[in-house]
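Below is one structure, written out as structure tokens; comments come after it.
Each value in this text was obtained by applying a stated rule to the coordinates, not by laboratory testing. Bear in mind the structure is a predicted one, so any value in this text is a computation, not a measurement. Virtual Cβ from ideal backbone geometry, glycine too; neighbours counted across all protein chains shown.
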Amino acid sequence: MVDLRNLNRRQAVHLVALAAAILLPPVVLAADEPFFISLASRMLIYGLAAASLDLILGFGGMVSFGHAAFFGVGGYTVGILFTHGFQGSEFLGLFPGSDNALIVWPLAMLVSGLLALAIGAVSLRTGGVYFIMITLAFAQMLYFFFVSLETYGGDDGLSMYGRSRFPGLDLSDDTSFYYVCLALLLLFLWLGHRLTRSRFGMVIAGVRENERRMIALGFPVYRYKLACFTIAGAVAGLSGALIANLTEFVSPSMMVWTKSGEIMVMTIMGGMGTLIGPVFGVAAFLLMEEVLSAWTEHWQIVLGPLLILIVLFAKRGIYGWLVGREGGR
Amino acid sequence: MNDALLRANSLVKHFGAIPASDGLSLEVRPGEIHALIGPNGAGKTTAIAQLSGEMRPDAGEVYFGGRDITRLGADARARAGLARSFQITSLFLGFTAEDNVAMAIQAHQGHSFRFWGNARRDATLRDPARDVLARVGLGARADVVSANLAHGEQRQLELAMALATEPKLLLLDEPMAGMGHDESLRMMELLAGLKGSLAILLVEHDMDVVFSLADRITVLVYGRAIASGAPAEIRANAEVRDAYLGADA
Ligand SMILES: Nc1ncnc2c1ncn2[C@@H]1O[C@H](COP(=O)(O)OP(=O)(O)O)[C@@H](O)[C@H]1O
Ligand SMILES: [Mg+2]
């Protein structure tokens, strides 16, 4: 048993956040504000995307400016297969569509992961500013590819007529879907936490600290960076698949460069290199967006300075500020 | 045919018009301490960089244990048993001393595609790391974040990391750079203690250190080895005296 009196501040923050996440649906339903369930689902899903970016950005020190590409491609995997399933047609005349979550979600991860493998294989041969620019360029290429892909809606995107099916669960029920998102996020945070302190995680951290030294020690660093990049891409793909299910819609705007920027801002704002911190950043970002956009249509003008203030005054992010000194790395 | 552990054959490396290595040949035998000396800008660091694989020579070859490694990257050479330390200390500054050495141990233990166990609680990494720290005299400083170590301690840690990979040959670029007198003495004892267990190519300015430690010495001037031999021969060599030792010999 956990002795509540012996919790340190970090554990207390985790426990409160977890309790809030678990209790949210019954509370907002009782308050007759069901809209908040879908907002909170968005937080969990973007939280997954931001936490996956943290693996490469925070832990690996690789400033990838194209993370939304994997997010978008994961979404399109679900969207395209759903459409074929709905029409009873076949993708490229090869295989039928599907709306089975147990098929399309892993497939979204696979497709995004392979894409990350390919993009990473090229991008990771460079470094610094070149790496930022080349990841950005790849993401923009994909954006324009999907804009011109008329078969699947082009610029207008692709609407689905429902969510994926999950054996034994009704995903069209917002509360069930919310809990599935929560479970997947928690699963990733747990696995990711194990990964960051494993031997593999030590190599990734070592590359961030001093890549030249890692090479001199004999580590073939490129392979490790590529593996990390691929894992992060696959998880971003899952997050895109979940967003596609939540909104029952995908469009090229999922992978436009400002989306990559948004995910990066959320990650930095929450606290890089903590994996869970970015989830707090996402929650704060989406909440501010919600509040400000209800208040004024020029909400982005207000959000910008607010973000700068947060980054300036909470250098280790919102999470670092919440957990205090001991929680920082 | 050739019993050298490491052999550089006519290395050439130009930076623009500057020939940092100008047909440099050199041999390190198993188990010996081989000093590489020469005035500032002679090309010692450049030579080390080409031997360690960080820099590609414009021409020439490098052989290690009889095998041509000219085309191998620095990481592959390190795995083959060629370790180096840096003239400017190069550590994982955010990590503790023990973490730093554990990383080197990990490098030596095969691939790191292990995603599960906690590396910081892995006795197969931590125990040998503590042993190596004790060997270089940092046993009591294992838990100090390496950024907070004194300069001399950082140099010791730098050596510990190189030793932790159990190399056949150690390339040491001015291991005593910036050290105080006592620290230098310590480092010298450490290096003397390593004698025979592995080969060392040592770049060093202090002639007292060089002449007391080295089995053989190569003198580098303008990217060329102008002499190579036992300390007594080097001391007696007129060309070396003119070119380099002149002032303090
Ligand atoms: N990366 C570099 N770019 C340009 N010139 C360099 C570079 N590295 C070294 N040099 C030049 O090459 C020569 C040899 O330098 P170096 O190998 O550092 O000498 P040493 O270590 O013997 O003092 C010097 O003239 C130096 O200025
Ligand atoms: Mg030098």
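For segment A:194-209, what does the Karplus curve 6.51 cos²θ - 1.76 cosθ + 1.60, with θ = phi - 60°, yield as ³J(HN,Hα) per residue in whole Hz, taken in order and with x for Gly and Pro?
4, 4, 5, 9, 7, 4, 4, x, 5, 5, 4, 5, x, 5, 5, 5
Could you work out how far helix B:97-108 tilts from the main Cα principal axis of chain B, as a 0 to 90 degree angle to the nearest 10?
70
On a C-alpha basis, how far is the centre of segment A:243-315 from the centre of segment B:180-249 in Å? Whole number, if you could?
Answer, in whole Å: 60.
Compute the convex hull volume of the Cα atoms of segment A:188-329, divide it by the residue count, and report the result per residue in Å³ as a whole number. Present the calculation step by step, with values, prior to reporting the outcome.
Values: hull volume 20.4 nm³, N = 142.
It is 144 Å³ per residue.
What value in Å³ per residue do you get for the convex hull of the alpha-carbon atoms in segment A:27-261? Could the numbers behind the result be given before it?
Details: hull volume 30.5 nm³, N = 235.
Spread over its residues, the Cα hull of segment A:27-261 gives 130 Å³ apiece.
Jot down the radius of gyration and Dmax of segment A:1-118, Cα atoms only, both in angstrom.
Radius of gyration, then largest Cα-Cα span, for segment A:1-118: 19.2, 61 Å.
Taking N as the number of residues in segment B:31-154, what value does Rg over Cα atoms divided by 2.2 N^0.38 Å take? Could you put the intermediate results ahead of the total?
Numbers: Rg = 16.9 Å, N = 124, 2.2 N^0.38 = 13.7 Å.
That works out to 1.23 for segment B:31-154.
Enter the angle in degrees (range 0 to 90, nearest 10) between the Cα long axis of helix B:151-164 and the first principal axis of the Cα atoms of chain B, meaning the one along which they spread out most.
80
Taking amide H positions as placed 1.01 Å from N in the peptide plane, with prolines and chain starts having none, which residues 5 or more places from B:S25, or on another chain, fall under 5 Å of its amide H?
Those lying under 5 Å, H to H, from B:S25 are B:S10, B:L11, B:A225.
Taking neighbour counts of Cβ atoms within 10 Å as a proxy for exposure, in what order, fewest first, do B:S52, A:S89 appear?
Working: B:S52 23, A:S89 11.
The most exposed by this proxy come first: A:S89, B:S52.
Sort A:L114, B:L172 so that the residue with the fewest other Cβ atoms within 10 Å of its own Cβ comes first and the one with the most comes last. The partial results should precede the final answer.
Working: A:L114 15, B:L172 26.
The most exposed by this proxy come first: A:L114, B:L172.
Rg (Å, one decimal) plus Dmax (Å, integer) for the alpha carbons of segment A:164-251?
17.7, 54
Which value in deg cm²/dmol, rounded to the nearest 500, describes the helix-derived mean residue ellipticity at 222 nm for chain B, given -39,500 (n - 2.57) per DSSP H run of n ≥ 4 and division by the residue count?
Details: 9 runs with 88 residues, N = 249.
-10500 deg cm²/dmol, from helical runs alone.
Express the relative contact order of chain B as a whole percentage, based on alpha carbon pairs under 8 Å and six or more residues apart in sequence.
Numbers: 461 pairs, mean separation 68.6, N = 249.
That works out to 28 percent.
When only Cα pairs under 8 Å and 6 or more residues apart are kept, what is the percent relative contact order across segment B:68-183? Working shown, then result.
On the way: 152 pairs, mean separation 49.8, N = 116.
Averaging sequence separation for qualifying contacts and normalising by length gives 43 percent for segment B:68-183.
For the protein assembly as shown, I need the span (max minus min coordinate) of the C-alpha atoms along each principal axis, in Å, sorted largest to smallest.
95, 60, 43
Search the structure for amide H atoms under 5 Å from the amide H of B:T96, placed 1.01 Å from N in the peptide plane, and list their residues when 5 or more places away or on another chain.
B:S146
Report the charge-dipole magnitude of chain A in Debye, nearest 20, computed about the Cα centre from +1 at each Lys and Arg Cβ and -1 at each Asp and Glu Cβ. Don't skip to the end; give the middle numbers.
Details: 20 positive and 20 negative charges, 389 e Å.
Dipole magnitude for chain A comes out near 1860 debye.
If packing is taken as the average number of other Cβ atoms within 10 Å across a peptide's residues, how do A:148-155, A:29-36, B:85-92, A:95-102 rank, most packed first? Write down the numbers at each step before the final one.
Numbers: A:148-155: 13.1, A:29-36: 11.1, B:85-92: 19.6, A:95-102: 16.1.
Sorting A:148-155, A:29-36, B:85-92, A:95-102 by mean packing, highest first, produces B:85-92, A:95-102, A:148-155, A:29-36.
Shielding of B:102-111 by partners, i.e. mean partner chain Cβ atoms within 10 Å per residue? Could the numbers behind the result be given before it?
Numbers: counts 2, 11, 7, 1, 7, 8, 2, 1, 1, 7.
Per residue, the number of nearby Cβ atoms from other chains is 5 on average.
Per-residue Cβ counts within 10 Å, from other chains only, averaged over A:192-205: what number is that? Please list the in-between numbers first.
Values: counts 0, 0, 4, 3, 2, 6, 10, 16, 7, 6, 13, 8, 1, 6.
Partner-chain Cβ atoms within 10 Å, mean over residues of A:192-205: 6.
Can you tell me which of A:76-87, A:312-323 comes out highest on packing, and rank the rest after it, using the mean Cβ neighbours within 10 Å?
Numbers: A:76-87: 22.4, A:312-323: 18.2.
My ranking of the peptides, most packed first, is A:76-87, A:312-323.
In sequence order, what are the phi-derived ³J(HN,Hα) couplings for segment A:108-121 according to the Karplus relation 6.51 cos²θ - 1.76 cosθ + 1.60 with θ = phi - 60°, rounded to whole Hz, with x for glycine and proline?
4, 5, 5, 5, 5, x, 5, 4, 5, 4, 5, 5, x, 4
Would you give the gap between the C-alpha center of segment A:87-131 and the C-alpha center of segment B:62-125, rounded to a whole Å?
34
Between the DSSP loop rule and a limit of at most 13 other Cβ atoms within 10 Å, which trypsin sites (Lys or Arg not before Pro) in segment B:57-87 are left? Could you put the intermediate results ahead of the total?
Details: sites: B:R67, B:R71, B:R77, B:R79, B:R84; in loops: B:R71.
Listed in order of number, the matching sites are B:R71.
Mind checking B:113-123 for the average number of partner chain beta-carbons within 10 Å of each residue's beta-carbon? Kindly include the intermediate steps, with their values, before the conclusion.
Numbers: counts 7, 7, 10, 7, 4, 6, 9, 4, 1, 3, 0.
If you average over the peptide's residues, the count of other-chain Cβ atoms is 5.
Please state the Cα pair-distance histogram of chain B with 10 angstrom bins from zero: what percent is in each bin?
Taking every Cα pair in chain B, the percentages come to 7, 31, 35, 20, 6, 1, 0.
Using only Cα atoms, tell me the angle between helix B:123-135 and the longest principal axis of chain B; keep it within 0 to 90° and round to the nearest 10.
Helix B:123-135 sits at roughly 50 degrees to that axis.
Taking 8 Å as the Cα distance limit and 6 or more residues as the minimum spacing, I'd like the relative contact order of chain A as a percentage. Each step should come with its number before you reach the end.
Values: 515 pairs, mean separation 104.9, N = 329.
Dividing the mean separation by the residue count of chain A yields 32 percent.
Can you list the residues, at least 5 places off or on another chain, whose amide H is less than 5 Å from the amide H of A:N100, using H built in the peptide plane?
Placed amide hydrogens put A:R165 under 5 Å from A:N100.
For A:F65, A:F280, B:F115, which order do you get if you count the other beta carbons within 10 Å of each Cβ and list the fewest first?
Numbers: A:F65 23, A:F280 26, B:F115 15.
In order of increasing Cβ crowding within 10 Å: B:F115, A:F65, A:F280.
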